[in-house]
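Everything on this sheet refers to the single structure shown next.
No lab work stands behind these numbers, since they all come straight from the coordinates. Remember, it's a predicted structure, so these values are computed and weren't measured experimentally. All Cβ positions, even for glycine, are placed from backbone atoms using ideal geometry, and neighbour counts span all protein chains on display.
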Amino acid sequence: MSRLHAAKRRRLSPPGDEAGATEDHQAKFVKNASKWHLEQDYETRPRKLKKQKENKKLPVRTTEGWVAPPPNAQDLKDEEESDSFLGSGSEEEAVEGSEVEEQVKEQKPKIPARQQIVEAKEELARIASLVNEDPEEHIGALKTLQALADSDNITVKKLALATQVSIFKDIIPGYRIRPLSEEKMQEKISKEVKKLRQFEQKLVSGYEAYVKHLAKLAKLSGSDKEQMASLASVAVSCACNLLNSVPHFNFRGELLKILVGKLSTRKVDADFVRCREAMETLFENDEDGNAALEAVTMLTKMMKSRNYHFDETVLNTFLHLRLLSEFSQKASYHSVDKAVVDPQVNGKKMRQKREFRTKRTRKDLKEKKAIEKEFKEADAAVSHEERDRMQAETLKMVFVAYFRILKARSPKLMGAVLEGLARYAHLINQDFFGDILEALRDIIATAEVTAMAAVEDHEDASDNNDDEDDDDEAPERNLTRESLLCVITAFALLEGQDGAKTASALKLDLSYFITHLYRTLHPVALNPDIELGSHSLHLPDPTTTTTPAKINVQTTIVLLIRSLSSVLLPQPAIRAVPPLRLAAFTKQLMTLSLHLPEKSATALLGLVTRVARTHGNKVAPLWNSDERRGDGVFDSCRAEIEACNPFAATIWEGEVLRLHFSPGVREALGGVGRVVAEAGR
């Protein structure tokens, strides 16, 4: 029998030793924990990475041989996101990374400004040559040009803006690109048409961004900073160049806003003159009338919003409109007279005799009309009906501006308005004619009242001899010039109409203007500045290079002679001049010649010569006392022509003028004598 081992007995610890064993175990754990390598364990721990995607792209053959294509950007992004170790950076690490990038940027070498300009020129020339060579292929280069235009270097900006202008002028087509509708976008088209549409859409988007950039820069015009002002000047010049080169293309309204915004300022500088000349060129070259109508509408709104406080040369741009010579109908500020094409009898159209045509002939005529219509559309020919409609709307807007200024009585614009109305006299219908004459009468009445008040104030001031009123500044309104311009405008309007028909239909009488002119002869002759114009009293600014205005610059003596010519030498179709009026004016003109300067006296005697040549029999008795027709005494101070009794006087002023110091005056007087002698025979 084998011997069995005795059963092992478990040792039972005493109750007091259990707490001591626990304390020993904690002490050993703390002692060993200090020796652990936690970072090393984390490094050696296997990571769970996503499986790399297989690159299914074929290798590419290059000059160096077959090269495997790089992985997609999406694969690289997935790899970065899958790496938990790289993607678990804290905010502190991000801040440190940004600081490192800033340090790298600071360490980059700064390129000198001169070198930047040279490199920009080369890049701009390269892009411009590529776009001009094949615009459809390199139309994406417009974005690169726009990026160069956003450079920090002002010179590079200017070069980029100028380059874009030349490129757009070369690649813009001769038609307006219209936006595509949803139906056309869904149509199936050929590759060529699709390529053309893509080119047009990219061109329009690039052109829109460029025009908006110009508008943003143009707002800096007149800035105190020299660089910003020069950059704005380049932007304004580019806008003017584009408007005159491609006025038919898209975003014409945005370019017009740039010009009108500059013309709304009262500071006349080089940019102002450039915008005004561009507007005049646009009016002169506009064939269909669309651009002119849009520009005139914007100018009219600007004038009203500015409360008619702007430079008068802006108003003179209306005199460059083509409708002055092309439009034949008459209009007002609210309507246009329709031209009568078909002859009428008792208000009804005459029935025209119909020509017999066979069915074959009618079919051939129909085909010819269709072919002619297609040719017109292909040649983009402007129809006369559409052009007349546009010019009629433009003419109404011009008259709206003129009539509003007349009502507002703007002192610095009255001369330009009155001369403008005189130019447009042949296009004013009868309704508007009456309104203008009423406005002109109000202006003259106001001028007379103001002149009388000024005389009374001057007499009171001379009696009081106060030292407080030492300001001898000239008034803003030249009432004499305004009244003379009103007389000239009134007669110019009458000459542009059918005089007899207008007078009988509207019962108009210009005797008010004639009487006013007769009353103002003596005050005008005593004016010491009669040979100076409205802008001649001030010395010209040598720093400005602007061209002088051609409107409202005539001297007072020139305006006086123009008004006298309208009164004494009117068109024969209007009415005959009565002898009493001729004699009264002739006598007064000979008296005025004694007080006027040399040139003015010579010009006035020339007018008397023309009057004597035209109405010799009516004025000849003034030089011959034996043929005197009137009794009594001539009163030169009477305001009424009919009550001054001119035929009771003789021209004794000629004997005094024979002793004048100027040979020109003596020669002019001899001409008057010869004409009167021929008329008396």
Extension gain (nm, one decimal) between residue 610 and residue 126, 0.36 nm per residue minus Cα-Cα:
167.3 nm
Can you give me the Cα centroid spacing of the range 189-228 and the range 586-602 in angstrom?
63
In nm, the gap between the two label points placed 7 Å beyond Cα toward Cβ at residue 638 and residue 190 is 9.1
Applying the gyration tensor rule to the Cα atoms of the range 107-228 (axes a ≥ b ≥ c; rounded if a/c under 1.5, else prolate if a/b exceeds b/c, else oblate), the class is prolate
Under the Karplus relation 6.51 cos²θ - 1.76 cosθ + 1.60, θ = phi - 60°, what is the ordered set of whole-Hz ³J(HN,Hα) values for the range 228-243, x standing for Gly and Pro?
5, 5, 5, 5, 5, 5, 5, 5, 5, 5, 5, 5, 5, 5, 5, 5
Got a sec? How would 66, 652, 623 order by Cβ neighbour count within 10 Å, fewest to most?
66, 652, 623
Size of electric dipole in the range 577-681: Cβ of Lys, Arg +1 and of Asp, Glu -1, about Cα centre, debye, nearest 20:
320
Enumerate the amide H contacts of residue 331 below 5 Å, restricted to partners 5 or more residues apart or on another chain; note that Pro and chain-start residues carry no placed amide H.
337, 428, 429
Ranking of 428, 443 by count of other Cβ atoms within 10 Å, fewest first
443, 428
For residue 366 and residue 273, what is the calculated FRET efficiency with R₀ set at 45 Å and r taken between the beta-carbons, to the nearest 0.05?
0.25
Between residue 359 and residue 386, 0.36 nm times their residue separation minus their Cα-Cα distance comes to what?
6.5 nm
Roughly how far apart, in whole Å, are the Cα centres of the range 231-284 and the range 126-167?
21
Please report, to two decimal places, log10 I(q)/I(0) for the range 577-681 at q = 0.15, 0.16, 0.19 Å⁻¹ as given by the Debye formula with identical point scatterers on the Cα atoms and no solvent.
-0.57, -0.65, -0.92
From fewest to most C-beta neighbours within 10 Å, the residues 355, 438 line up as 355, 438
Can you tell me the FRET efficiency between residue 631 and residue 678 if r is taken as the Cβ-Cβ distance and R0 is 25 Å, rounded to the nearest 0.05?
0.35
Highest to lowest packing among 361-367, 389-395, scored as the average C-beta count within 10 Å:
389-395, 361-367
